[in-house]
Amino acid sequence: MNRISLALLPLLALAACSQEAPVGEMAAQGSSAEAARTADAPQADAAPAEGDTAKTTAIPVSAPKIAYVYEFGYRLGADRIPELQRRHADLCERQGPTVCRILDMRQSGAEGDYASGSLALAVAAPRARSFGAELGKLAGESGGAEVASGISGEDLSKQIVDTEARLRARTALRDRLMEVLETRKGTVAELVEAERAVAQVNEEIDQARGWLAEMQGRVDFSRMNLSYSSGSPAGGGFMEPIRSAVGSITTILGLIFAAIIVALTILIPLGLIGWGLRAIWRRIRQAKTAATADPSNCPGAATDGSA
């Protein structure tokens, strides 16, 4: 086996082992490679001049990658919910797709004075706080009130760094495999295995890029979940239970009439069946009574008289 074939074996082994290697391990591999390169560097680079000590000891600090989710809840009249939803959606569309995007919009109405709705937006992170204030202002103009709000964040810094390290490692491995394939030296089996390894590494690279784009998108665009509801808040005073009772009168009457209809549906057929059986039984009893009162109708009675 020539030198090229011997050089190909560790690359193929590395590509095969990468099938089950998690993101964290690939980041560790990248760190190990970096440490090896540092160890092989000349001693002159390891010991800088005194004048450059402050520059070399400075540790670069990157901004944290945090994905924020905002929650806002509004209460207003049932007939005003669709209008406020449209105003919020129009405000988002006016900002353009680079600032705000509509992800989901739902609205549902129920019997009585209750209705609800929801709206999900993706807003550019630098504009999220001010955009939330504008949403609240529109709700006030529509006669609504903001009754709930919240902010939650997820730090994706480590996941992004690990995915970037994995992407760099896979890209370097692919480049080395491509160099081996370009030489076209080695056995047919080794070249076929190298081509399979390249295809596998390319798949891992595409997957890592997808993960990186998805996480970066969550960082660049904050999600906003808006909820709308109508009705008076809980504990509305002395009149609140009375209003609830009056509002439920129609429901109670509907249940009563439904129960009556069900009872009639069951009792009417049973009553008809019972009436028919009683009529049949009555005819049988009348026939027996008539036979007992008039013995001449019996065949035995006529035979005894002739004797």
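For the reader, a short list of remarks on this structure follows.
- The residues L103, L84, when put in order of fewest to most other Cβ atoms within 10 Å, stand as L103, L84.
- Separation between Cα centres of segment 115-133 and segment 155-227, rounded to whole Å: 33
- I66-L253 pseudo-label distance in nm [points 7 Å out on the Cα-to-Cβ vector]: 5.7
- Residue exposure sequence - Y228, Y68, Y114 - by fewest surrounding Cβ within 10 Å: Y114, Y68, Y228
- Neighbour counts of C-beta atoms inside 10 Å place R176, R94 in the sequence R94, R176, starting with the fewest.
Any read-out appearing in this document is the output of simple, stated calculations on the displayed coordinates, not a laboratory observation. Keep in mind that this is a model prediction, so the values were computed, not measured. With ideal geometry, Cβ positions are generated from the backbone for all residues, glycine too; neighbour counts draw on all protein chains shown.
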